[in-house]
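The values are calculated or read from the model by the stated rules, or taken from the named source; none is laboratory data. Source: prediction; values computed, not measured. Quick reminder, even Gly has a Cβ in these numbers, built from the backbone with ideal geometry, and neighbours come from all protein chains shown.
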């Protein structure tokens, strides 16, 4: 299936990412780890959230008391063609089980299994979409996005919208 025959959501707007301060100048490069919830085998990915609050929700499971300093980075996404996996019709078009994005990927990887969530992201990548919107596992009424293609001809455009600000988690 190609993006031209997939029900895509066009998204342009502000997003936010919380990153280690030492990597703030490389934020537009995408992920620093070779695998995560929606990327594996070194695939490119850029995770972001529509508000500072949802950005905090996105990383809360990864926070440790001894983490290095982090910053909140305001971003602007333009012209992103996204598969909205909150929409059952989009999931149906892409042959995605709507439960796949919410399966805890790290538990499966710890057991030596491929992450179920990768089935969803691999299907979206194969469709030609720039990325996808997905519901937060811990706050399903909220959402996040992940880009697979950005800042290339014909792809979503992503830029830093303002200077990063210091960010401290409220759980410590």
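Would the range 109-130 turn up any residue that is under 18 Å from residue 14 (Cα atoms), in a strand (DSSP E or B) and touching a residue at least 40 places away in the same chain (Cβ under 8 Å)?
So far as the range 109-130 goes, no, none of its residues is under 18 Å from residue 14 (Cα atoms), in a strand (DSSP E or B) and touching a residue at least 40 places away in the same chain (Cβ under 8 Å).
Taking the range 58-97, which residues are crowded, with 18+ Cβ neighbours inside 10 Å, part of a loop (DSSP other than H, G, I, E, B) and touching a residue at least 60 places away in the same chain (Cβ under 8 Å)?
Across the range 58-97, the qualifying residue is only 94.
Can we say residue 150 is closer than 18 Å to residue 13 by Cα and under 15 Å from the mean Cα position of the chain (by Cα)?
Considered against the rule, which asks whether it is closer than 18 Å to residue 13 by Cα and under 15 Å from the mean Cα position of the chain (by Cα), residue 150 comes out as yes.
For residue 33, all conditions in the list (1) within 21 Å of residue 164 (Cβ to Cβ); (2) surrounded by 12 or more Cβ atoms within 10 Å (Cβ to Cβ); (3) at pLDDT below 95 hold save one; what is the number of the exception?
All conditions pass for residue 33, except number (2).
Could you please find all residues in the range 1-29 being part of a helix (DSSP H, G or I) and modelled with pLDDT under 95?
3, 4, 5
Those residues that are over 20 Å from residue 12 (Cα atoms) and free of Cβ contacts under 8 Å to residues at least 60 places away in the same chain, I need them from the range 131-140; list them, please.
Scanning the range 131-140 gives 137, 140.
Provide a single number: the residues in the range 143-172 that are assigned to a loop (DSSP other than H, G, I, E, B), surrounded by 11 or more Cβ atoms within 10 Å (Cβ to Cβ) and modelled with pLDDT of 95 or more.
Number of matching residues: 7.
Can you tell me which residues in the range 98-108 are touching a helix residue (DSSP H, G or I) at 6+ places or on another chain (Cβ under 8 Å) and not in a helix (DSSP H, G or I)?
Of everything in the range 98-108, those that are touching a helix residue (DSSP H, G or I) at 6+ places or on another chain (Cβ under 8 Å) and not in a helix (DSSP H, G or I) turn out to be 98, 103.
Which number in (1) at pLDDT 95 or above; (2) within 15 Å of the chain's Cα centre (by Cα) marks the one condition that residue 137 misses?
(1)
Could you tell me how many of the residues in the range 109-122 are under 16 Å from residue 62 (Cα atoms) and surrounded by 14 or more Cβ atoms within 10 Å (Cβ to Cβ)?
Result for the range 109-122: 1.
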